[in-house]
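Please read the structure below before turning to the comments.
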Amino acid sequence: MEDAGVDLVELQFPFSEPSADGPLFVRANEESLKAGTTIDQCFELMRLATQRFSLKIVMMGYYNTVYKMGEALFVKRLEDAGGAGYILPDLPIEESKVLHTASAAASIDPIILMTPTSSDQRLAQLGAASRGLVYVVARKGVTGGKTDMDDAVVALIKRCRQYTSVPIGVGFGITCREDLDALTGVADVAIIGTAALKAWESGGPEGLQAFFKALTV
């Protein structure tokens, strides 16, 4: 992925109720848990990956994982593993002040989600809490479906940008080079999950490499 120009990777910590994820990632979470994957193993994988590669790695997961170990310990372990940030889609910003304060002290960024259903007032609140990167959700629902990167998505990105000064990443439904072309000059980062996982499942490492190559030619 680094050779293909990927700048940032989400490392998902498996959870039994991944409410923001679509069917493919729900199954991936289930299979990972059945295989006995532990949180310790996730942090160790992150540590090894950040030592080997120059791209940034962020934790993707759900607040229950953080709550069970304690917010201070979570931040410490993420820092020790070289993590750059985290995505916790089920944690409202109103309940994240202590975690965000500890994260700022460790130079770790909480990646805030902005959605199509957010009011302007809510976007302003989310923007005030954002650091590092904002994740703009291109459509309603969960991950996995195809999204047309049309004028409505562009308008959403422009609306979100009014309320934050940090870079904007766009996800939920990006699958091909045409999607990247549509977002060029509008968003700063294209976030690709399900399409990459499908490429891995169908073709293994070579399939994933070919998928990323097709995005950049």
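Only the coordinates and a few stated rules stand behind these numbers; no lab work does. Remember, it's a predicted structure, so these values are computed and weren't measured experimentally. Cβ sites come from the backbone with ideal geometry, for glycine too, and all protein chains shown count toward neighbours.
Remark: spin-label model distance residue 166-residue 35 equals 3.0 nm, labels positioned 7 Å along the Cα→Cβ axis.
For the stretch 1-118, the relative contact order works out to 26 percent when only alpha carbon pairs closer than 8 Å and six or more residues apart are counted. By the count of other C-beta atoms within 10 Å, a proxy for reagent exposure, 53, 13 are ordered fewest to most as 53, 13. The aspartates and glutamates whose alpha-carbon is closer than 20 Å to the alpha-carbon of residue 34, local same-chain residues fewer than 8 away aside, are 17, 21, 44, 201. One decimal place: the segment residue 90-residue 117 gains 8.2 nm when fully extended, by the rule 0.36 nm per residue minus the C-alpha distance.
In whole percent, what relative contact order does the stretch 111-217 give with Cα contacts below 8 Å and a gap of six or more residues? Working shown, then result.
On the way: 162 pairs, mean separation 25.6, N = 107.
The normalised contact order for the stretch 111-217 reaches 24 percent.
Bridging of residue 56 to aspartates and glutamates at a Cα separation below 12 Å is possible for 2, 7, 10, 109, once same-chain residues fewer than 8 apart are set aside.
Going 7 Å from the Cα of residue 214 along its beta-carbon direction, which residues of the stretch 146-168 have the amide nitrogen within less than 19 Å of the resulting point? Those under the cut-off are 146-149.
The aspartates and glutamates whose alpha-carbon is closer than 17 Å to the alpha-carbon of residue 158, local same-chain residues fewer than 8 away aside, are 120, 148, 150, 179, 181, 188.
How much FRET efficiency would the formula 1/(1 + (r/R0)^6) give for residue 129 and residue 79, where r is the Cβ-Cβ distance and R0 is 22 Å, rounded to 0.05? Computed FRET efficiency for residue 129 and residue 79 comes out at 0.65. Here's how it looks for residue 9: its modeled amide H is under 5 Å from those of 56, 57, 58, which are all 5 or more places away or on a different chain.
Peptides 74-80, 96-102: what's the order by average Cβ count within 10 Å, highest mean first?
Details: 74-80: 18.9, 96-102: 15.1.
Final packing ranking: 74-80, 96-102.
Which shape class applies to the stretch 80-217: rounded if a/c is under 1.5, otherwise prolate when a/b exceeds b/c and oblate if not, where a ≥ b ≥ c are the square roots of the Cα gyration tensor eigenvalues? Provide the component values of the computation, followed by the final result.
Details: a/c = 2.09, a/b = 1.36, b/c = 1.53.
Oblate, since a/c reaches 1.5 and b/c is not below a/b.
Per-residue ellipticity at 222 nm from helix content only, as computed over the chain with -39500 (n - 2.57) for each DSSP H run of at least four residues, stands at -14500 deg cm²/dmol.
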